[in-house]
Amino acid sequence: MVLLAGMATPHESGIDERSYQLGIMGGFAEVVRLGVKTLALSEVMRPDEMDDAMEDAAVIAKRNRVEIWRETDFLVTDLYPADVAESKHVLLIYTGDTLDKYLALKAGKETLVEAGNYEGEEREEIARRFGHLLSYPEAVIDDLLQQAKLLEP
């Protein structure tokens, strides 16, 4: 979550965290339905938080005519810090064959890791393909990858 200077967090403003998370899901479901994004992600949540949200997430998905997938082993690329979803769940929001594309990308990364080839151009390509699936502009993908390089040991 990105907060602008001077803005209150959901907790500080009196908005309960669950309602806030469902609001994010609703907004992302709408932009996916409208074709603005191919794939959207909920905020990462502890498994018990996701358990609590799933019934309402299904209502949001149905209302927006999108699909949801509870991801318990999130695809980690250089777009996000490696520990961003560690021990957490993420809800994928999509339409059509997007889940198949996500799972194929995840399997492709695993194949590279198993072969000891998840590095250099191959590693960057996985991140770029994931960024494209998330409908990120190329400049945003470039910036996220640059930030990841700055954090490397």
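Some observations on this one:
- Size of electric dipole in the chain: Cβ of Lys, Arg +1 and of Asp, Glu -1, about Cα centre, debye, nearest 20: 600
- Taken over the stretch 15-151, the ratio of Cα radius of gyration to 2.2 N^0.38 Å equals 1.07.
- Its Cα gyration tensor gives the stretch 89-153 an equivalent ellipsoid. The semi-axes, each the square root of 5 times an eigenvalue, are 21, 17, 10 Å from largest down.
- Computed [θ] at 222 nm, deg cm²/dmol, the chain (DSSP H ≥ 4; -39,500 (n - 2.57); rounded to nearest 500): -17500 deg cm²/dmol
- Based on C-alpha pairs under 8 angstrom that are at least 6 apart in sequence, the stretch 15-151 has a relative contact order of 28 percent.
- Here the Karplus relation 6.51 cos²θ - 1.76 cosθ + 1.60, evaluated at θ = phi - 60°, turns the backbone of the stretch 71-83 into coupling constants of 9, 9, 9, 4, 5, 9, 10, 6, 6, 9, x, 4, 9 Hz, with x for every Gly and Pro.
Readers should treat all values here as calculations from the given coordinates under stated rules, not as data from a laboratory. Treat the numbers as computed from the prediction; the structure is a model and nothing was measured. Methodologically, a virtual Cβ is constructed for each residue, glycine included, from the backbone with ideal geometry; neighbour enumeration extends over all protein chains shown.
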